[in-house]
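See below for the structure under consideration.
The values are calculated or read from the model by the stated rules, or taken from the named source; none is laboratory data. Source: prediction; values computed, not measured. Heads up, the Cβs are rebuilt from the backbone with ideal geometry, glycines too, and the neighbour counts pull from every protein chain shown. SASA here: full protein model, heavy atoms, side chains in, ligands and nucleic acids out. Shrake-Rupley method; radii C 1.70, N 1.55, O 1.52, S 1.80 Å.
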Amino acid sequence: MKKILNDPQNVLDEMLDGFVYANGHLVERVAGTGVIRRTYEDKGKVALVSGGGSGHEPSHAGFVGQGMLSAAVCGEVFTSPTPDQIFEGIKAADQGGGVLLIIKNYTGDVMNFEMAGEMAEAEGITVDHIIVNDDIAVEDSSFTAGRRGVAGTIIVHKIVGAAAEAGLSLQSLKVLGETVIENTKTIGVSILPATVPAVGKPGFELGDDEMEYGVGIHGEPGYRKEKLKSSKEIAEELILKLKEAFGWSKGDKYGVLVNGLGATPLMEQYVFMNDVANKLTEEGLNIQFKKVGSFMTSIDMAGVSLTLIKIVEEKWLDYWNHEVKTVDWM
Amino acid sequence: MKKILNDPQNVLDEMLDGFVYANGHLVERVAGTGVIRRTYEDKGKVALVSGGGSGHEPSHAGFVGQGMLSAAVCGEVFTSPTPDQIFEGIKAADQGGGVLLIIKNYTGDVMNFEMAGEMAEAEGITVDHIIVNDDIAVEDSSFTAGRRGVAGTIIVHKIVGAAAEAGLSLQSLKVLGETVIENTKTIGVSILPATVPAVGKPGFELGDDEMEYGVGIHGEPGYRKEKLKSSKEIAEELILKLKEAFGWSKGDKYGVLVNGLGATPLMEQYVFMNDVANKLTEEGLNIQFKKVGSFMTSIDMAGVSLTLIKIVEEKWLDYWNHEVKTVDWM
Amino acid sequence: MFTVENTTKWLHAFHEKVQANQSYLSELDSAIGDGDHGTNMARGLAEVERKLKENLFESPQEVLKMAAMALISKTGGASGPLYGTALLEMSKQVANDPQNIGKSIEAGLNGILKRGKATTGEKTMVDIWKPVVESLMAEQQLSKERIQQFVSETKEMKATKGRASYLGERSLGHLDPGAVSSGYLFEAMIDGGILS
Amino acid sequence: MFTVENTTKWLHAFHEKVQANQSYLSELDSAIGDGDHGTNMARGLAEVERKLKENLFESPQEVLKMAAMALISKTGGASGPLYGTALLEMSKQVANDPQNIGKSIEAGLNGILKRGKATTGEKTMVDIWKPVVESLMAEQQLSKERIQQFVSETKEMKATKGRASYLGERSLGHLDPGAVSSGYLFEAMIDGGILS
Ligand SMILES: Nc1ncnc2c1ncn2[C@@H]1O[C@H](COP(=O)(O)OP(=O)(O)O)[C@@H](O)[C@H]1O
Ligand SMILES: Nc1ncnc2c1ncn2[C@@H]1O[C@H](COP(=O)(O)OP(=O)(O)O)[C@@H](O)[C@H]1O
Ligand SMILES: [Mg+2]
Ligand SMILES: [Mg+2]
Ligand SMILES: [Mg+2]
Ligand SMILES: [Mg+2]
């Protein structure tokens, strides 16, 4: 393992302190917890709390701030935070208007966030939640824990965050969030696996010329391993999968997010975005917003994911374009 | 070489198209050139043009926009752009108030930018330039091409960019830029070398447990190779070197930038920032602004660099905090 | 019956077994999950151990409640809420009736079922808790051999819950890490003198 | 003397040599620079070649000026402005006096010196342009052996200009890539019949 770190056991703590040191004008850490909250207050409005295991930086703390998340709860690397941590996050975020939890669909996350919600309700805080499950690599059937939540989560944060700032009620935000989630789908490829610091070796193996389609953001396996393809071919395969899942027609309105998985430089992400753009143009889609960058990473995994969102309401565009003050969204 | 690319010969072109596709609300590409200019116009003010070889993304195109660069000229990977390309950049940027070129100190860059400046002057555009040479890893003597320009360039862009928007004259901006450069110093470490797509193999070799102090952003060698150290030890060595170069006293005002070199995830950058913060506190410095992220990269090199700027004028803080509209600075 | 002493002894023994097998548990989880089960359990049980040393307890249900809260607040992942809920439900049942070991474990199992919504055969810790309860109900006793047998039966199951479910068929042939750690929990009950 | 024909032949030959040795030049540059010298020169000369094919020229100075502009606009890096300036200055001198080959090359050298501010012994292309000019002035002729000798002498120089200067002592023992490509340029002059 080649990393710039100290004791792997202390990664979470040191990372959060370094993050808050650099960004104290926007965020603060709730002492003794993995909770990063915004310094901005928005009394009476609904607060958004997201989070999960760490290792996905800048998610989720990088999206805490005015117009996006009220707080992020950061668990150990690739491990869901515990209910009491999440409960701390809920308390730190609450502005009296109730709290919406944005949960990625993993067994651990769902259980821990739900338990935290119960704890908060017991203390009189109104809590509801939405579960993001945008990863179409996994079959959503009764034989799996369901689709995973991956890079599409960022889009949910952005759109629901802007709506929360606009003053929507907890119930309306939940409905909005669920509609966004229904219309958001992601699929990714990895060319190099991630190494969890405490484990010290890569989570899976890939040959020197191999790539894997459909991997998750914790090194969960994908649906096919094969020889490394060109950016253009990868874009075509991923768009084909997304097309099957969405079933779109020419002229449909979509948004697109190309997401780097951690170790893949922007150079490759831009090249990939160019191939995506060409293919989407060929498909005749009407692309209304675009974004490229490393937003939902998997530590030092190399690879990219492609997210499309079908724009069902014009209002979503305003939410997308709404200005925010966070560390990592501009 | 494991990258998500098509023909390595076309990287520059495809990358620029992908970048502009994603960010068309802020930037445009001057057709047929490597020039990215902002869509924002600022008539009568001084325009800033930066650039150099590609492979440093998000530098420099990511910093084009209101309050920072007017245009970036993007050369082939790790190769200075040619005078005519830079000339195109100057013409695209000029708002009638003259153009300041921000050049990183490499023989090729300096010669090409100077030739472009001569071409522009011949066409009646007033041009001046500043040369960034913040890398203290290299001795600045008559036996070298001088100190290299590295991550400190970003700070120059930010401060001089805000001042340009404030309406300073070409001459004042040059003086400001040169004062900022004099007070900006950087030093970096690499733990994995970069691979230029067209070359297909890493630019230098490092053992599985080795790191190199003082490398440049084109894979130029550093001053010492040794066993991989902890983040804390690296922070201490780099700060020691910077201390020697600055010769600071307790209470002095500084700004700090931790820069990821491309493949190093934010997790490690934050941990490193935490060690830097502890050490700077120990040194008793008064840190007035901070920033962490992958801003001046070396393709897929893993490692970090540390930049300090001595704040000589209070005004610099306003410039630093001045809001900008670019793709990668927020 | 549950006493403060044997409950404490049991949890000590559970802690020790997990610490000793921490990397083994993580390796099992690497094969079909995300490789953190050993780290998670070790972190949670280290907290239980700390609390055991710091406090004096007046009843076994107090010990169990403390352990449940410690596991919930430190383990993380899927196993934290599951083990935490199991011990919390056991604590409630032990408060009512400290005599009936089988009934207490059954309460724990029901907590896991409620929280995780799995059934038997899905390659989870349920696949050891459930047969343990059944054999205790039927035979009033439990041997380490039986425990091992239940654990090893998860090997031939296809995961349909938790992270391993993403692997589908490819989860076959691997032990379920949560079942293995639950095996340690039951062995520790024998070592602690609660079960025989 | 320079004619349209021999100048064209020369540049063709230079292009061919660089294309054939592109990876060798880049390898030399990898050792002490950034590994792009072959790619840079090949890109620049491909443009020269294209322009040679597309146009008709009336004088050798026109050919040289076209080549200079093509190199300046396509090569990039340090070598682009240096070779470009050299050919531009040669073109001016040839316009004045197409007869004197030595004086023309000297004009090119002066362009390089003005642009790059290096002197001899700094392990750059100057270390072949300068001795070539000197030996032409003295002997009125140049052999491939002499060219090779000048090129190989850069091996034992310590770089103090350009990227290789960052290496200090460690640049010793390596040929300078720009000197090697300049060697091709002079060999091509012989092949093209300008020099003998
Ligand atoms: N729905 C569920 N019901 C019961 N047990 C489960 C369920 N999901 C997962 N588990 C158990 O949790 C174990 C994994 O725990 P752990 O690795 O600590 O958490 P995570 O899966 O979040 O990384 C699995 O081996 C399995 O025994
Ligand atoms: N100041 C200088 N004067 C003369 N020649 C130089 C100077 N600096 C560099 N060179 C030449 O340029 C060559 C490198 O060119 P190239 O690799 O194409 O550009 P870069 O160094 O920008 O990557 C060196 O081998 C050397 O011969
Ligand atoms: Mg986990
Ligand atoms: Mg170069
Ligand atoms: Mg796990
Ligand atoms: Mg070079």
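I'd like the full set of residues that are assigned to a helix (DSSP H, G or I), of a type in the set (A, V, I, L, M, F, W, C) and in contact (Cβ under 8 Å) with a residue 60 or more places away in the chain, limited to the stretch D:1-30.
Residues satisfying the conditions are D:Trp10, D:Leu11, D:Ala13, D:Phe14, D:Val18, D:Leu25, D:Leu28.
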Problem set entry | Residue in the stretch B:76-95 that is nearest to ligand 5 (Cβ to nearest atom), counting only those that are surrounded by 24 or more Cβ atoms within 10 Å (Cβ to Cβ) and of a type in the set (Gly, Ala, Ser) | B:Ser80
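Which one is farthest from the other protein chains (Cβ to nearest Cβ), of the residues in the stretch B:141-177 that are part of a loop (DSSP other than H, G, I, E, B) and among the polar types (S, T, N, Q)?
B:Ser169
Taking B:Val132, is it more than 16 Å from ligand 4 (Cβ to nearest atom), open to solvent by less than 10 Å² (accessible area, probe 1.4 Å) and out of contact with any Leu (no Cβ under 7 Å at 6 or more places or on another chain)? First the steps, then the outcome.
On the way: more than 16 Å from ligand 4 (Cβ to nearest atom): yes; open to solvent by less than 10 Å² (accessible area, probe 1.4 Å): yes; out of contact with any Leu (no Cβ under 7 Å at 6 or more places or on another chain): yes.
Criteria met by B:Val132.
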For this session: Hey, can you tell me all the residues within the stretch A:151-184 that are open to solvent by 10 Å² or more (accessible area, probe 1.4 Å) and in contact with a Ser or Thr (Cβ under 7 Å, 6 or more places away or on another chain)?
Result: A:Leu170
Seminar exercise, completed: When D:Ser104 is run through (1) more than 30 Å from B:Val215 (Cα to Cα); (2) within 11 Å of ligand 2 (Cβ to nearest atom), the failure sits at (2)
For this session: Could you tell me whether any residue of the stretch B:11-31 is out of contact with any Cys (no Cβ under 6 Å at 6 or more places or on another chain), in contact (Cβ under 8 Å) with a residue 12 or more places away in the chain and more than 14 Å from every other protein chain (Cβ to nearest Cβ)?
Result: yes
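Strands (runs of 3 or more DSSP E) wholly in the stretch A:251-327 with at least 1 residues that are farther than 21 Å from A:Gly214 by Cβ and of a type outside the set (Gly, Ala, Ser) - which ones?
By residue number, A:253-260, A:286-293.
Looking at A:Gly108, A:Gly67, A:Gly55 in this structure, which one is over 21 Å from A:Asp135 (Cα atoms), small (Gly, Ala, Ser) and either more than 16 Å from ligand 4 (Cβ to nearest atom) or in contact with a strand residue (DSSP E or B) (Cβ under 7 Å, 6 or more places away or on another chain) (or both)? Give the derivation first.
On the way: A:Gly108 fails: over 21 Å from A:Asp135 (Cα atoms); A:Gly55 fails: over 21 Å from A:Asp135 (Cα atoms).
That would be A:Gly67, the only listed residue that is over 21 Å from A:Asp135 (Cα atoms), small (Gly, Ala, Ser) and either more than 16 Å from ligand 4 (Cβ to nearest atom) or in contact with a strand residue (DSSP E or B) (Cβ under 7 Å, 6 or more places away or on another chain) (or both).
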For this session: Please verify whether the stretch D:115-129 includes one or more residues that are in contact with a Leu (Cβ under 6 Å, 6 or more places away or on another chain) and either among the aliphatic types (A, V, I, L, M) or over 20 Å from B:Gly108 (Cβ atoms) (or both).
Result: no
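Each row is one residue, and each column tells you yes or no for (1) away from ligand 3 (no atom under 16 Å from the Cβ); (2) in contact with a Ser or Thr (Cβ under 6 Å, 6 or more places away or on another chain).
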{"residue": "A:Gly55", "(1), (2)": "no, no"}
{"residue": "A:Cys74", "(1), (2)": "no, yes"}
{"residue": "A:Thr79", "(1), (2)": "no, no"}
{"residue": "A:Ala93", "(1), (2)": "yes, yes"}
{"residue": "A:Leu101", "(1), (2)": "yes, no"}
Problem set entry | Pair list, Cβ under 8 Å, 6 or more apart: the stretch B:243-255 residue free of Cβ contacts under 8 Å to residues at least 24 places away in the same chain, other residue in a helix (DSSP H, G or I) | none
Problem set entry | Meets criteria (away from ligand 3 (no atom under 16 Å from the Cβ) and more than 21 Å from B:Val292 (Cα to Cα)) for A:Glu28 | no
Problem set entry | Checking C:Ser73 against (1) closer than 19 Å to C:Glu187 by Cβ; (2) within 16 Å of ligand 1 (Cβ to nearest atom); (3) surrounded by fewer than 23 Cβ atoms within 10 Å (Cβ to Cβ), the condition it does not meet | (1)
Exercise. When B:Leu242 is evaluated against the numbered criteria (1) part of a helix (DSSP H, G or I); (2) within 14 Å of chain A (Cβ to nearest Cβ), which criterion, by number, is the only one it fails?
Worked result: (2)
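Filtering the stretch A:308-320 down to residues that are under 24 Å from A:Ser70 (Cα atoms) and either within 18 Å of the chain's Cα centre (by Cα) or among the charged types (D, E, K, R) (or both), which residue is nearest to the other protein chains (Cβ to nearest Cβ)? Steps first, answer last, please.
Of the stretch A:308-320, the ones under 24 Å from A:Ser70 (Cα atoms) are A:309, A:315-320.
Among the residues that remain, those that are also either within 18 Å of the chain's Cα centre (by Cα) or among the charged types (D, E, K, R) (or both) are: A:309, A:315-316, A:318-320.
On the way: A:Ile309: 15, A:Lys315: 19, A:Trp316: 16, A:Asp318: 14, A:Tyr319: 16, A:Trp320: 11 Å.
Restricting to residues being under 24 Å from A:Ser70 (Cα atoms) and either within 18 Å of the chain's Cα centre (by Cα) or among the charged types (D, E, K, R) (or both), the top hit is A:Trp320.
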For this session: Would you mind finding the one in C:Ala70, C:Ala78 that is of a type outside the set (Ser, Thr, Tyr) and touching an Asp or Glu at 6+ places or on another chain (Cβ under 6 Å)?
Result: C:Ala70
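Assess whether C:Gly102 counts as being within 14 Å of chain A (Cβ to nearest Cβ), more than 16 Å from ligand 3 (Cβ to nearest atom) and within 16 Å of the chain's Cα centre (by Cα).
Numbers: within 14 Å of chain A (Cβ to nearest Cβ): no; more than 16 Å from ligand 3 (Cβ to nearest atom): yes; within 16 Å of the chain's Cα centre (by Cα): yes.
In short, no.
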For this session: Output the residues belonging to the stretch C:1-31 that are open to solvent by less than 10 Å² (accessible area, probe 1.4 Å) and either within 10 Å of ligand 1 (Cβ to nearest atom) or of a type in the set (Asp, Glu) (or both).
Result: C:Leu25
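Right, B:Val292: open to solvent by less than 10 Å² (accessible area, probe 1.4 Å) and either out of contact with any Cys (no Cβ under 9 Å at 6 or more places or on another chain) or among the aliphatic types (A, V, I, L, M) (or both) or not? Don't jump to the end; show me each part of the working.
On the way: open to solvent by less than 10 Å² (accessible area, probe 1.4 Å): no; either out of contact with any Cys (no Cβ under 9 Å at 6 or more places or on another chain) or among the aliphatic types (A, V, I, L, M) (or both): yes.
No; evaluated as a whole, the condition is false for this residue.
Could you check, for the stretch A:190-198, whether at least one of its residues is out of contact with any Leu (no Cβ under 7 Å at 6 or more places or on another chain) and either more than 11 Å from chain C (Cβ to nearest Cβ) or basic (Lys, Arg) (or both)? Working first, answer last.
Our first condition is that a residue be out of contact with any Leu (no Cβ under 7 Å at 6 or more places or on another chain); within the stretch A:190-198, this holds for A:194-196, A:198.
Next, only the ones that are either more than 11 Å from chain C (Cβ to nearest Cβ) or basic (Lys, Arg) (or both) stay: none.
For the stretch A:190-198, residues out of contact with any Leu (no Cβ under 7 Å at 6 or more places or on another chain) and either more than 11 Å from chain C (Cβ to nearest Cβ) or basic (Lys, Arg) (or both): absent.
Tell me yes or no: at least one residue of the stretch A:108-117 is within 23 Å of A:His322 (Cβ to Cβ), away from chain B (no Cβ under 14 Å) and either out of contact with any His (no Cβ under 9 Å at 6 or more places or on another chain) or more than 16 Å from ligand 5 (Cβ to nearest atom) (or both). Talk me through it step by step, then tell me what you get.
Step one: filter the stretch A:108-117 for residues within 23 Å of A:His322 (Cβ to Cβ), giving none.
The answer is no, given that none of the residues of the stretch A:108-117 is within 23 Å of A:His322 (Cβ to Cβ), away from chain B (no Cβ under 14 Å) and either out of contact with any His (no Cβ under 9 Å at 6 or more places or on another chain) or more than 16 Å from ligand 5 (Cβ to nearest atom) (or both).
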